[in-house]
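Encoded as structure tokens, the structure appears first; notes follow it.
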Amino acid sequence: MLTGKLVTFEGPDGAGKTSALNAIVAKLKPRLGDRLVVTREPGGNHISEAIRTIILDRNNTMMDDRTEALLYAAARRQHIVQEILPALKQNQLVLCDRYIDSSVAYQGAGREIGEQAVYDMNQFATQGLTPDLTLYFDVDAAVGLKRIQTHRQNEINRLDVEALSFHHKVQAAYLRLLAANPERIKRVDASQPLEAVVSEALQIMTAQLPTYLTTEGKS
Ligand SMILES: Nc1ncnc2c1ncn2[C@@H]1O[C@H](COP(=O)(O)OP(=O)(O)O)[C@@H](O)[C@H]1O
Ligand SMILES: [Mg+2]
């Protein structure tokens, strides 16, 4: 029995997912202790990390977009089996930085190999393991990119057009996922200052997972 809960953090690069996740963990850890598990793909296991190394290897310029999508799904599979499922079986609250929606948005839409095809292939990889809750950190793609270009903050216009259009495709796909999955995916206004983002995310988590988080997020 999977009595734990899986919460995934999604959104464009620079939306503040990792920053918010770290702040949320700091707030929840004192209460939840070992019941709180924080992870990100590829996870800490040897197989997923080896797959990730292949994906990121700059020498692999021949990498086909579908090969890349399959490798992400393979790494995800092993992460689920070795890390996420054991935690869910032990009634833990698992917070995961990116999951299937990232593949649908980045590979399916960004690389244009098909959102439905990438989704279907990931259903095979995950055997349908769907997050109990997904927080979508909603910020304009250009704002996100600007945030991560910390030393070039006033020069967003120097990004090449292709990069920005790729990120707009990713963002549009995320918004389609949000519209199609209103029960699972909840929008967080990630254009706010980090503190407000964290507070909104915690409020949503509390409302959606009351048995885990009965008093958090009300401050
Ligand atoms: N709400 C926010 N407002 C302004 N800057 C932010 C906010 N959240 C995060 N940042 C900054 O934006 C950059 C990217 O944040 P990060 O959490 O790594 O985003 P992500 O994990 O979504 O790619 C970091 O430099 C971070 O300090
Ligand atoms: Mg991040």
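The values are calculated or read from the model by the stated rules, or taken from the named source; none is laboratory data. Only a predicted model underlies this, so the values are computations on that prediction, with no experimental measurement involved. Please note: Cβ atoms are built from the backbone with ideal geometry, for glycine as well, and neighbour counts cover all protein chains shown. Quick note on the areas: whole protein, heavy atoms, side chains included, nothing else; ligands and nucleic acids left out. Shrake-Rupley method; radii C 1.70, N 1.55, O 1.52, S 1.80 Å.
Quick notes on this one:
- GNM result for the chain, Cα springs below 10 Å: residue of Ser19, Ser48, Ser102 fluctuating most strongly: Ser19
- Flagged links, alpha-carbon separation over 21 Å, of Lys5/Lys29; Lys29/Lys146; Lys27/Lys146; Lys5/Lys27; Lys29/Lys89; Lys5/Lys169: Lys29/Lys146; Lys27/Lys146; Lys5/Lys169
- For the pair the range 3-76 / the range 86-119, the C-alpha centres are spaced 9 Å from each other.
- Chain lengthening between Tyr119 and Met63 when straightened (0.36 nm per residue, less Cα-Cα): 18.1 nm
- Averaged per residue, the chain has 51 square angstrom of accessible surface, using a 1.4 angstrom probe with ligands and nucleic acids left out.
- Among Gly144, Gly110, Gly44, the largest mean-square fluctuation in a Gaussian network model of the chain (Cα springs under 10 Å) belongs to Gly44.
- Subtracting the Cα-Cα distance of Glu183 and Asn22 from 0.36 nm times their residue separation leaves 55.5 nm of extension gain.
- For the chain, built as a Gaussian network whose Cα springs stay under 10 Å, the top-fluctuating residue of Asp140, Asp101, Asp57: Asp57
- Cα gyration tensor shape of the range 160-209, rounded if a/c is under 1.5, else prolate or oblate by comparing a/b with b/c: oblate
- Contour excess over end-to-end distance, with Cα ends at Leu2 and Leu209 and 0.36 nm allotted per residue: 73.0 nm
- Expressed as a whole percent, the accessible area of the range 5-213 that falls on carbon and sulfur atoms is 52 (1.4 Å probe).
- Between Gln192 and Ile47, the FRET efficiency from the beta-carbon distance, with R0 = 35 Å, is close to 0.35.
- Sum of -39500 (n - 2.57) over DSSP H runs of 4+, divided by residues of the chain (222 nm, nearest 500): -15000 deg cm²/dmol
- Normalising the Debye intensity of the range 1-121 to I(0), with uniform scatterers on Cα atoms only, and taking log10 at q = 0.09 Å⁻¹ returns -0.27.
- For the chain, the convex hull spanned by the alpha carbon atoms encloses 129 Å³ per residue.
- The relative contact order of the range 5-213 comes to 31 percent, based on Cα pairs under 8 Å that sit 6 or more residues apart.
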